[in-house]
Every structure is written in structure tokens, then in C-alpha cells.
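The structure follows.
The values are calculated or read from the model by the stated rules, or taken from the named source; none is laboratory data. Quick caveat: nothing in here was measured; it's all calculated off a predicted structure. All Cβ positions, even for glycine, are placed from backbone atoms using ideal geometry, and neighbour counts span all protein chains on display. What goes into the accessible areas is simple: the full protein's heavy atoms, side chains included, and nothing from ligands, DNA or RNA. Shrake-Rupley method; radii C 1.70, N 1.55, O 1.52, S 1.80 Å.
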Amino acid sequence: MIIRELDLSDLEALEQLITKVENNLVKEVLWLPISKESKEHFFDKTWTCFYGAFDNDKLLGAIGLFFNQNEYGESQRTLHMEDKKIAELGRAMADPNYRNQKIMTHLADEIMRYASTLNLDAVIATVHPQNVPSQSFLRRLGFEKRASVVKREKYERDILVKEFEEGARR
């Protein structure tokens, strides 16, 4: 398996993965629909960075790091972190045929290593309270629950935070 940053040449594979994941959701409320605006910025470095896991040329999974208020602004305000430099970890997705193979672990390790080079104060993530696998996964990465919100009037989410210590930032 190869882990690497996605680029524009991976757009079709990423869109196919998203469709496959959305078509195989256990509960629709576990996944926030992706806005047209967000999709338009998938490969805009000032907005988003995606990493992908590949087996040969097949995209098995992906995870994103978001750098813009459109993605994390509501959570940032809820946490009273407006004065902090943050990013949001999200859109963690694995091809349903390749789940439970540690793909997300490898992707998260790599993207969090990247995040640690960005001089961030923290990385946040939002997860449905009943999404136990994602909650457990984020806790293993060092995230802690700080708040609960309802996004877009119907999507319950816990907001988890991983803060970087001053000395740990590069």
C-alpha cells in the first residue's frame, strides 16, 4: 500500500470513492453531505489537503485536512478558538471492500505528521456521537471531546480536538 498526497489527477478516483462510500452508509446522518463549494476546492492548497491509500492504481481510502472557515468555522467558534491556528481532519473514508485493514490508521498517521509541520495550535474533528469506530479512532490519535453541536439543523456532531504543544510544532 502506498500513502501519498492526492492531486488533481486523482479527482476521478476520489469522486468514485466518495460515491461508493455514500452509497454504502449504515446511517445517512453519519456523513455530512459535501457541498458543491467544498468539492470545487478539493485540490486548492489554501483550502484542503487530501491523502490517499493506493494499491497499485486503486484508491482504497482517503482523508482530508481542511484549512478554511467554510469547513471548520462553526466548530472553531463553538470552541472559542477564534484566535487559534487550526485545521479540521475529516472526510475519512475507506472503500467498503477494504475496511478493517488499517487503511485509516496509515492515512491518519501520515496526514497528522503533515499537520504537525504546519505550525498549528490544534486539529479538530467532528463526528456523530453514535459513530463509535470513528470516536475510538480519533481518541487513539489523541483527540479529546470538547463540545457537541447540531450542524445544518439535523446532523449531531461531537467536536474533538488534538492540541499541539509548542515544542511539538515544527
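Give me, ordered by chain and number, the residues 5 or more places off THR48 or on other chains with an amide H under 5 Å from its own placed amide H.
Amide H neighbours of THR48: PHE67.
Could I ask something else about it? How big is the chain by the Kirkwood estimate over distinct Cα pairs, in Å? Show your work: numbers first, answer last.
Values: mean 1/r = 0.0615 Å⁻¹.
The Cα-based Kirkwood calculation yields 16.2 Å.
I'd like the carbon and sulfur percentage of the solvent accessible area for the chain, probe radius 1.4 Å, heavy atoms only, ligands and nucleic acids excluded. The partial results should precede the final answer.
Details: 4220 of 9310 Å².
Carbon and sulfur atoms account for 45 percent of the accessible area of the chain.
Per the helix-only calculation at 222 nm, which mean residue ellipticity applies to the chain, given -39500 (n - 2.57) for every DSSP H run of n ≥ 4 and division by its residues, nearest 500 deg cm²/dmol? Walk me through the numbers on the way to the answer.
Numbers: 5 runs with 50 residues, N = 170.
Mean residue ellipticity at 222 nm (helix-derived): -8500 deg cm²/dmol.
Using θ = phi - 60° and the Karplus form 6.51 cos²θ - 1.76 cosθ + 1.60, what ³J(HN,Hα) does each residue of the range 120-127 get, whole Hz, x for Gly and Pro?
Using θ = phi - 60°, the values come out as 7, 7, 6, 10, 10, 8, 10, 9 Hz.
Now for a different question. With a 10 Å cut-off between alpha carbons and a GNM built on the chain, which of ALA53, ALA147, ALA87 moves the most?
In this elastic network of the chain, the residue with the biggest mean-square fluctuation among ALA53, ALA147, ALA87 is ALA147.
Also, I was wondering about something else. Counting only other residues whose beta carbon sits under 12 Å from that of MET112, what net charge do I get with K and R as +1, D and E as -1?
Values: positive: ARG113, ARG140, LYS162; negative: ASP109, GLU110.
Every neighbour counted, the sum reads +1.
According to the square roots a ≥ b ≥ c of the eigenvalues of the Cα gyration tensor, what is the shape class of the range 27-94, taking rounded for a/c under 1.5, prolate for a/b larger than b/c otherwise, and oblate for the remainder?
On the way: a/c = 2.08, a/b = 1.66, b/c = 1.25.
In terms of gyration-tensor shape, prolate.
What are the residues whose amide H is under 5 Å from the amide H of ALA92, where those residues sit 5 or more places off or on another chain and H is modelled from the backbone?
Correct list: GLY64.
If you don't mind, another one. Report, by chain and number, residues whose modeled amide H sits under 5 Å from the one on ALA147, excluding near sequence neighbours (fewer than 5 apart, same chain).
Amide H neighbours of ALA147, under 5 Å, 5+ apart: ILE159.
What shape does the range 82-170 have by the C-alpha gyration tensor, where a ≥ b ≥ c are the square roots of the eigenvalues, rounded means a/c under 1.5, and otherwise prolate means a/b greater than b/c and oblate the rest?
In terms of gyration-tensor shape, oblate.
With a cap of 15 neighbouring Cβ atoms within 10 Å, and only residues DSSP puts in a loop, list the GluC sites (Glu not before Pro) found in the range 123-168. List each step's numbers first, then the result.
Values: sites: GLU144, GLU153, GLU156, GLU163, GLU165, GLU166; in loops: GLU153, GLU165.
Passing both the DSSP loop test and the Cβ count: GLU153, GLU165.
Can you tell me which of SER35, SER134, SER148 moves the most in a GNM of the chain? Springs connect C-alpha atoms under 10 Å apart.
Top of the fluctuation ranking is SER35.
Okay, moving on. Please report the net charge: other residues with Cβ closer than 11 Å to the Cβ of VAL123, K and R +1, D and E -1. Write out the running numbers ahead of the final one.
Values: positive: LYS84, LYS85, LYS162; negative: GLU88, ASP121, GLU163.
Counting the neighbours of VAL123, the net charge comes to 0.
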